Amino acid sequence: MRTKKTAITNAVLLLVAGVASAQEQAAAPPKPEDNQVVITGSRLANRGFLAPTPVTVVDSTELKVSGTQNLENLLNDTPQFTANQLNSPTANTVQAGQPSGTSTLNLRNLGPTRNLVLVNGRRYAITGPDFTTDINTIPTALVKRIETVTGGSSAVYGSDAISGVVNFILRDNYEGAEINVQGNWDQPTRTPTKSIDLTVGGNFDNKKGNAVLSVNFQDRQGMTRGDLGGYSLPSLGDGCVTAASWSATGPGTPLAVPSGQTCLSAGGRPGLVYSGSSTVPTGRIGNLPLYGSSGSNAALDAAMAAAGLQNMTSLGAIFDATGKAVRPYTTADAYDLGPLSYVVTPQKRWVANAFAHYDFNEYATGYTEIHFSNNTANVQIAPAGAGANFLVNTNNPYLSPQMQEVLRQLDLKESGTTRVTNGSQTLSTTPGDGLAILNLNRRFTDIGTRFAATDHSTFRIALGLKGKLNDVSENYLTDLKYDMYYTNSRTTESQFQTGSISLSRYQNALLSQGGAAPVLNPFGQNISAAAASAVSIASNSAITAEQQGLAANLTGRLLELPSGPVDFSTGVERRHAYSRYSPDAYLSSGDVSGWNAARATQGESTVKEIFGEARVPLLSDKPFAKNLSLSGAFRRSDYDVESVGTVWTNSVGTEWTPVDSLTFRAQKQKSIRAPNVGELFGGQGTNGPTATDPCSSRQPTAQQTAAVRAVCVATGVPANLVFDPSVQPTNFLTQIVGGNPNLKAETSHTTTVGAVFAPKAVPGLQMSLDYYKITLDDAISTLGGGGIQSVLNLCYNTIQNANSVYCKAINRDPITGQITAPTYVMTTAANIGGIKTEGYDIAGHYGFRTSWGLMGADTRWNIDTNWTYVKELTFTPIQDLPNITNQCVGSFGQTCGQPVPKWKGTARLTMNSGKLMLSARARYIGAVTVDTYVLPSTSGGTPPALDSLTNPKIKGYTYLDLTAGYDFTKSVSVTAGIRNVLDKDPPVLGSSQLPANNTIAATYDPLGRNLFFSLNVKL
C-alpha cells in the first residue's frame, strides 16, 4: 500500500511528463538517484524540475483498461494523433511501392513520415521506402509507457522528428512468468480478434544480469461490408433526391434536374444516392455519340435506332446477360463495389522479443535487444474492371447484327490514324479497316474478387555498453555516464495479388486471330474458363528495408555553479538506410488492371552526425525563482545525398519555477526531415484514391461555372460532356506518383510555451497547458501539395489556366473526357509546399482516496483528462503562391483528408476498491464540415450554399467506454469492457467518404459496440 507521500511524489513525476497516467500503480518509494531519469525529448538527466519540451504519457494501465491489442488504436484515441486512413486495420488498400498491412502514426496531422518512432530511446526498424515504422511490430505486452514529445526534436534525435517523437518504453528487466489472453468481438458480426502473450524473465549470476523473453500471437479475423451491412451498404454518393425520400443515412429516390435549374429549385433536396461503378459485369459502351447529335451522322443514327439506342444518354449502353441485347445505361445499373470489400482486414501476427543486460562491473553494463515479428495480412476488394478504349472487330460474332452495324459505322466515322494503348501494347486503326474503337467498361465478376496476401517480417538487434566513468576533477566533468550501441534491422515483405487482368492480353483476346472467333466474349456474362485464363494474371512484388545505426553519447555535469550543476550531453551517430521495391513485369510495365502498377524503387542514404546538449541553471531557491534554467541543443548532420548535404538543427529552451506549485516552460527548435528512398528514387506508379473531377457532374453545382467549363474544354473534355456524369463514372481517379533525386530536406521551426500547476493545497491535482506552433517549409509532397485533388482544384477551380503546370499534368480521353491512361494525373514528388499548425494541449490528473468503497474501506480514485485544441492547420500547396492555402481546421474531405476538429479529447474516471477496478472513459471528436465548403470560405472565395451539399457537416461525437477488472489473487486477474457502449454508428457520407465504406472508418468507430475480455495469470 502506498503512503500519501509516495502518491504525491509519483504524481509530480507524472506531471513532469505533461500528463498523468490513467491509474496509479503500486511502487516502492523512489531513491534520490531514481529521480535522475532520462525524459524523451532530452538526453540530459532530469534533476527534479521539468524539461522544456511537453511530453504526453500513456502508461501500461491505460493499455489494460482500454482493451488495447493494436497500439495504433490506443494512440489514435489520443488527441495529439490523427487517424491514418492508408495504414490501419480499416485500410483495405494496397499502395503501389509501399508496404501493406502495416500501421503507422500521424502526429499533429503532419503525416506518418514526419514523426520519429523510438523504442527505449533508440530508432526502430523501418518498413519500406518511406522509412516509417510499423507499430504492429512493437509488443503491446511489454509496453511500460508511451511518451509523445510535441514538436521538432531533430537536435536531440536527428531527422524525421518534425511533428515530434513517439518513444515506446518497454519492460526489459523482469522476473517471473506471465500469460495474458485477450479476446475482442464487435457486436454486429461477432468477428473475433484473439491474442495471447507469454512473458518470462529472471535474474542470473547473483542478480548481475537479467533476461526477458516475450512471445505474442494475434489473430484478427476480417469482415466485409456485406458481413457488416447496416450503414455500410449500399455504396453511396451525393446526388439530388425527391424531398419525400430524403434520408441522412440511406439512399433516396434520384430526381432528374432540368437544365438550368438546381436541385433545390427543381423541388428536390441534395441527398444520398446509390453510387456504384459504371464498369459493370455485362459490359458498358461509353463512347457512342448521342442519337441526332453533331457527333453522329445519318448512317450511325439509323444503326443506333435499329439497335434500340435512340434514347441513350451520355452514360452509354449496357448489354444484357446474353450479350445479344443492348439498351441505354442508367445509374440503377451501376455495380456496387462494397459487399465483397473488407471493412477490417484480417491479420495474423507473431512477435518475439528478447532483452538481456549484464553488469560486468560498476563501470560497464552490456545489454542487448532482439526482435522478430511476422505479420500476414490480406486485402480483398471487388472484382477487377477494365474501362478504356479498345479495338473490336466490326463483325464480332458475339454481337447482334444491329450492334455489328453500329461498330461498322463507328469505324467508317473515324478520321486518320488513331493509336490505342493498353498496357504494354499500342495498336493503330484507320477508317474502314474493320476495327472500331469502343470505350468498353467490363467488370470481371466471372474471374473473382481481387485478393492480396502480404507476408511481412522484421528482424532487429541492438547491442550496447553503458556505464559510468570516473570524475575528471572534483568540480568539473563529474557524474559522467556513457552509452554506446549498434542497431541493425531488416524488414522484408512479399505480396501476392490475384484477380487482375493484363490489358494487352485483354486487347488481343478481343480481336479475331487468323479469322477465328475472338477468344474473349466480354459482352454479357459469357467469359469462358479459357478466356478467363487468357486474360487473368497474378502479380508479385517484394520490399526490403534495412537500417543500421552506430551511436555513442556521454552525459554528466560539466561544472558546478552557485545555482546548481551545468548538465551536458554530447555524442556522435552514424546511420545507413537502404530500401528496395521489386514489382514483377506486369506491375512494373503498367500492363495490369485491378491492382496499382508501380516501377521498381531502390536507393540508400548515409548520415554522419555530431550532437550536443546543455542545461545551465541561472537561479535556484530565490524569491519567485525556485528554479530558472536555460537549455540548448545542436546537431550537425552530413548526408551523402548531394541535394541534402550538411544541415544543422538546434533548440533553445527555458524552465522557470517561481513557486513550488507552478512551472513555466518554453522552447524554440529548428528541425529537418531528409527525403526518404521512396521520395528520392521511387519509380513511377499508380494509385486510385477517391477524388472529384471538377469537369464532371460531381463538381458542386455552385462551382459549375463558365470559367470552369472553359478550362475543361481546353484540357480535352468534349464541350457537350462538361459536367456530365460520364466524365467520372466512379468515385475513384488514378494518379501517377514517383520520386525525385533532387529533393532537399524539409525544414521546420517549432515554438512551445507552457505551464504546469500542482497546488500543494490540493494534493494529487496536476494540470498542464501547452501552446505549440509548427511551421514547415520546403514540404516534400506530390505536385499540388495534396495529391490528385489538389492538382484538379488548382487547375480548374483556382488558377484556371490550361497552360499551367497543373492542367498539363492531367491526361484526358478526347472522346469521353475521362481522366485516362497512360499518364492520368501526374503527381510526382517536389519540395513545393508548406504547412503551419498551432494549437493547445490541456491535460489534468486528480488522484485521491476515500475511506469508503465497494470492496473495502480504502478506495483510490483517479480522474484524468487530455485535450487538444487545434487553432490552425494550413497547407500551402505551392509556396510560390502563398495566397493559395488550404485552411483545414474544422474540416474533412478529399483535400484536407481525415477530420481535423478544433477540439478532440478524452476523460477517464477510475475507481480501485480492494480487488475491484471500475473505469469509464469518454472520447470526444469535435464537429467538422466538408472541405468543399470550408476551403473557399476561409480563402476569400464563394463557397457553395450548405443546403446545396449532401451531409456537409459531421456533428461532434462522444463515445463512452466502460471497463471492469477484478484481482482474484495476486496472480490471477480479469479485465472486461465495452467500447462504444451506446452503439453509435459512424457518420454516413456519400462522395465525401474517406476512402470508402460510406463513412470515415479510420476516425470514427466503424463497428458499433465492441466487447473485450482479458485474463492475466502470473506464474
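The values are calculated or read from the model by the stated rules, or taken from the named source; none is laboratory data. Predicted, not measured: the structure shown is a model, and the values here were computed from it. As a convention, Cβ positions derive from the backbone with ideal geometry for all residues, glycine included, and neighbour counts pool all protein chains shown.
Looking for something assigned by TED's automatic domain parsing to the domain that holds Phe634, of a type in the set (A, V, I, L, M) and part of a strand (DSSP E or B) - is there at least one such residue anywhere in segment 579-597?
No.
Among what's in segment 575-591 and is among the polar types (S, T, N, Q) and surrounded by fewer than 19 Cβ atoms within 10 Å (Cβ to Cβ), pick the residue that is nearest to Gly128 (Cα to Cα).
Among them, the one singled out is Ser582.
Report yes if Ser489 is surrounded by fewer than 17 Cβ atoms within 10 Å (Cβ to Cβ) and among the hydroxyl-bearing types (Ser, Thr, Tyr), otherwise no.
Against the criterion (surrounded by fewer than 17 Cβ atoms within 10 Å (Cβ to Cβ) and among the hydroxyl-bearing types (Ser, Thr, Tyr)), Ser489 does not qualify.
Val988: in contact (Cβ under 8 Å) with a residue 40 or more places away in the chain, of a type in the set (A, V, I, L, M) and either in contact with a Gly (Cβ under 7 Å, 6 or more places away or on another chain) or not assigned by TED's automatic domain parsing to the domain that holds Lys871 (or both), yes or no?
Considered against the rule, which asks whether it is in contact (Cβ under 8 Å) with a residue 40 or more places away in the chain, of a type in the set (A, V, I, L, M) and either in contact with a Gly (Cβ under 7 Å, 6 or more places away or on another chain) or not assigned by TED's automatic domain parsing to the domain that holds Lys871 (or both), Val988 comes out as no.
With the checklist (1) within 25 Å of Thr345 (Cα to Cα); (2) part of a loop (DSSP other than H, G, I, E, B) in hand, flag the one item Asn73 doesn't pass.
The single condition Asn73 does not satisfy is (2).
Within segment 739-763, take every residue that is over 25 Å from the mean Cα position of the chain (by Cα) and in a loop (DSSP other than H, G, I, E, B) and give me the one that is farthest from Thr53 (Cα to Cα).
Asn742
Within segment 463-482, identify whether any single residue is buried (at least 22 other Cβ atoms within 10 Å of the Cβ), touching a residue at least 40 places away in the same chain (Cβ under 8 Å), in a strand (DSSP E or B) and of a type in the set (Gly, Ala, Ser), and answer yes or no.
No, there is no match, as no residue in segment 463-482 is buried (at least 22 other Cβ atoms within 10 Å of the Cβ), touching a residue at least 40 places away in the same chain (Cβ under 8 Å), in a strand (DSSP E or B) and of a type in the set (Gly, Ala, Ser).
I'm told Asn297 meets every condition in (1) modelled with pLDDT under 95; (2) surrounded by fewer than 16 Cβ atoms within 10 Å (Cβ to Cβ) except one. Can you identify the failing condition by its number?
Condition (1) is where Asn297 drops out.
Quick test for you: out of Gln766, Gln735, pick the one residue that is in contact with a strand residue (DSSP E or B) (Cβ under 6 Å, 6 or more places away or on another chain) and over 30 Å from Asn866 (Cβ atoms).
Result of the check over Gln766, Gln735: Gln735.
Assess whether Gly926 counts as being at positive phi, in contact with a Pro (Cβ under 9 Å, 6 or more places away or on another chain) and modelled with pLDDT of 95 or more.
no
Would you list the strands (runs of 3 or more DSSP E) that sit entirely within segment 310-376 and hold 2 or more residues that are touching a residue at least 40 places away in the same chain (Cβ under 8 Å) and among the aromatic types (Phe, Trp, Tyr)?
Ranges flagged: 347-361.
Based on what the data block shows, is Ser697 without any contact (Cβ under 8 Å) to a residue 40 or more places away in the chain and either under 30 Å from Asn441 (Cβ atoms) or polar (S, T, N, Q) (or both)?
Considered against the rule, which asks whether it is without any contact (Cβ under 8 Å) to a residue 40 or more places away in the chain and either under 30 Å from Asn441 (Cβ atoms) or polar (S, T, N, Q) (or both), Ser697 comes out as yes.
Looking at this structure, is Arg108 within 26 Å of Gly754 (Cα to Cα), basic (Lys, Arg), touching a Gly at 6+ places or on another chain (Cβ under 9 Å) and in the same structural domain as Ala666 (by TED's automatic domain parsing)?
yes
Across segment 181-238, what is the total count of residues that are under 20 Å from Ser1014 (Cβ atoms) and not small (Gly, Ala, Ser)?
Selection size over segment 181-238: 23.
Consider Leu630 carefully, then state whether it is of a type outside the set (D, E, K, R) and either surrounded by fewer than 19 Cβ atoms within 10 Å (Cβ to Cβ) or at positive phi (or both).
yes
Quick grid of which residues meet (1) surrounded by 23 or more Cβ atoms within 10 Å (Cβ to Cβ); (2) under 28 Å from Ser643 (Cβ atoms); (3) not basic (Lys, Arg):
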{"position": "Asn740", "(1), (2), (3)": "no, yes, yes"}
{"position": "Thr747", "(1), (2), (3)": "no, yes, yes"}
{"position": "Leu769", "(1), (2), (3)": "no, no, yes"}
{"position": "Ala779", "(1), (2), (3)": "yes, yes, yes"}
{"position": "Leu783", "(1), (2), (3)": "yes, yes, yes"}
{"position": "Leu794", "(1), (2), (3)": "yes, yes, yes"}
{"position": "Arg812", "(1), (2), (3)": "no, no, no"}
{"position": "Glu838", "(1), (2), (3)": "no, no, yes"}
{"position": "Asp841", "(1), (2), (3)": "yes, no, yes"}
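Within the set of pairs 6 or more residues apart or between chains, which connect a residue that is under 17 Å from Gly839 (Cα atoms) and in the same structural domain as Thr859 (by TED's automatic domain parsing) inside segment 891-915 to a residue that is charged (D, E, K, R) and outside any strand (DSSP E or B) with Cβ atoms less than 6 Å apart?
Within 6 Å, the pairs are Ser891/Asp931.
What are the residues in segment 936-974 that are in contact with a helix residue (DSSP H, G or I) (Cβ under 8 Å, 6 or more places away or on another chain) and either buried (at least 18 other Cβ atoms within 10 Å of the Cβ) or on the phi > 0 side of the Ramachandran plot (or both), if any?
Of everything in segment 936-974, those that are in contact with a helix residue (DSSP H, G or I) (Cβ under 8 Å, 6 or more places away or on another chain) and either buried (at least 18 other Cβ atoms within 10 Å of the Cβ) or on the phi > 0 side of the Ramachandran plot (or both) turn out to be Pro943, Pro944, Ser948, Leu949, Pro952, Thr963, Gly965.
Rundown of residues vs (1) in a helix (DSSP H, G or I); (2) more than 24 Å from Pro694 (Cβ to Cβ), yes/no style:
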residue	(1), (2)
Ile736	no, no
Ile774	no, yes
Asp777	no, yes
Val791	yes, no
Thr798	yes, no
